[in-house]
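The values are calculated or read from the model by the stated rules, or taken from the named source; none is laboratory data. What you see is a predicted model, and the numbers here were worked out from it, not measured in a lab. Glycine gets a Cβ as well: all are built from the backbone with ideal geometry, and neighbour counts include every protein chain shown.
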Amino acid sequence: MKSCFNFDNIEYIAYLGPAGSYTEMAADYFADKYNLQGRPVEQKTIRQVAEFVDDNPNTLGVLPVENSIEGAVRETLDNLIKLKNPNIKILSEVIMPIEHCLLARTTEFYSITGGIISHPQALAQCQNFIHTEMPYRIETIESSSTAEAARSLANYNLTYAAIGSKKTASLYRLNILRENINDDKSNCTRFILIGDCESTFVKGMQSSLAFSTENKPGALLDVLEIFRNNNINLSYISSRPSKHKFGEYIFIVNFDGHTSTNQILKTVEEMKKKTTFFRFLGSYHIDVAK
């Protein structure tokens, strides 16, 4: 995908940390795809990533937006909607497989009898492995992230292991005792690249936008029928509280097409007449990482 944004001038690539996280792996993917030379900047929260991109020109950001098991990452959606700069949009998206590994300072799998450390979601996603492959009643210890779990192994003896990615193992010089231990082998997460840019048309692109309607019967249906009447395929719809008024919601939709086409331009103009809030979130191509 080409973009009018001059990637040669990129100074920073903000991503949700810590180092070794799956989001950093997504940032590496985008950097390789677009030959980005900006300096990676680790941020502690999704909000900090969004604000860093909002406040710094020539900056891109990488954020998780949806997991196949856990669903939409609500904090990402909320921060995209409230960005101060209306020109910051989704530029690209990649679907990355989430492959958890059992990591340890030792090379002996059967010496792991003390405990397993990881983020609560990672522990939950590897329950079958923990119950069938590890010692009965092995201690599970929650950490703020899979990368932090790997780092913290230095504070434990050799009977403890962590659940994390291959990148985490490399970063903290740990041994991979078992690969792909997550229960659902199809587990994957969508990550987005955001920045102040407009994408150019490429066949097979998807667009996203957010909107609100009046709180009255048929208001949402009137908007959704615009897509049907213009023969546009809606692939996703969700809602978030507007945080302005109880019972008021912002709807997020994904649909086929690019906003530069007459079909989408016509749809957008018709929608604006029937909505109380409207924000275009971007047109982008979706990759699937191997």
Subject >> Members of region 276-290 found to be within 29 Å of Leu60 (Cβ to Cβ), outside any strand (DSSP E or B) and either modelled with pLDDT of 95 or more or out of contact with any helix residue (DSSP H, G or I) (no Cβ under 8 Å at 6 or more places or on another chain) (or both), listed by number >> reply: Lys290
Subject >> Hits in region 97-122 (condition: among the aliphatic types (A, V, I, L, M) and either in a loop (DSSP other than H, G, I, E, B) or modelled with pLDDT of 95 or more (or both)) >> reply: Ile98, Leu102, Leu103, Ala104, Ile112, Ile116, Ile117
Subject >> Count of residues meeting criterion [β-branched (Val, Ile, Thr) and outside any strand (DSSP E or B)] in region 244-259 >> reply: 1
**OP:** Consider only pairs whose beta carbons are under 7 Å apart and that are at least six residues apart or on different chains; among these, list those whose first residue lies in region 248-271 and is assigned by TED's automatic domain parsing to the domain that holds Gly282 and whose second residue is of a type in the set (Lys, Arg) and assigned to a loop (DSSP other than H, G, I, E, B).
**Re:** none
Original post:
Which members of region 35-73 meet the condition of being of a type outside the set (A, V, I, L, M), touching a residue at least 40 places away in the same chain (Cβ under 8 Å) and touching a Ser or Thr at 6+ places or on another chain (Cβ under 9 Å)?
Top reply: Phe52, Pro64, Glu66, Asn67, Ser68, Glu70
Subject >> Options Ser165, Ser212, Ser208; residue that is in the same structural domain as Glu24 (by TED's automatic domain parsing), crowded, with 20+ Cβ neighbours inside 10 Å, hydroxyl-bearing (Ser, Thr, Tyr) and under 28 Å from Tyr12 (Cβ atoms) >> reply: Ser208
Original post:
How do the helices (runs of 4 or more DSSP H) wholly within region 127-240 filter down when requiring 3 or more residues that are farther than 28 Å from Glu51 by Cβ and modelled with pLDDT of 90 or more: which remain?
Top reply: 127-133, 166-171, 219-229
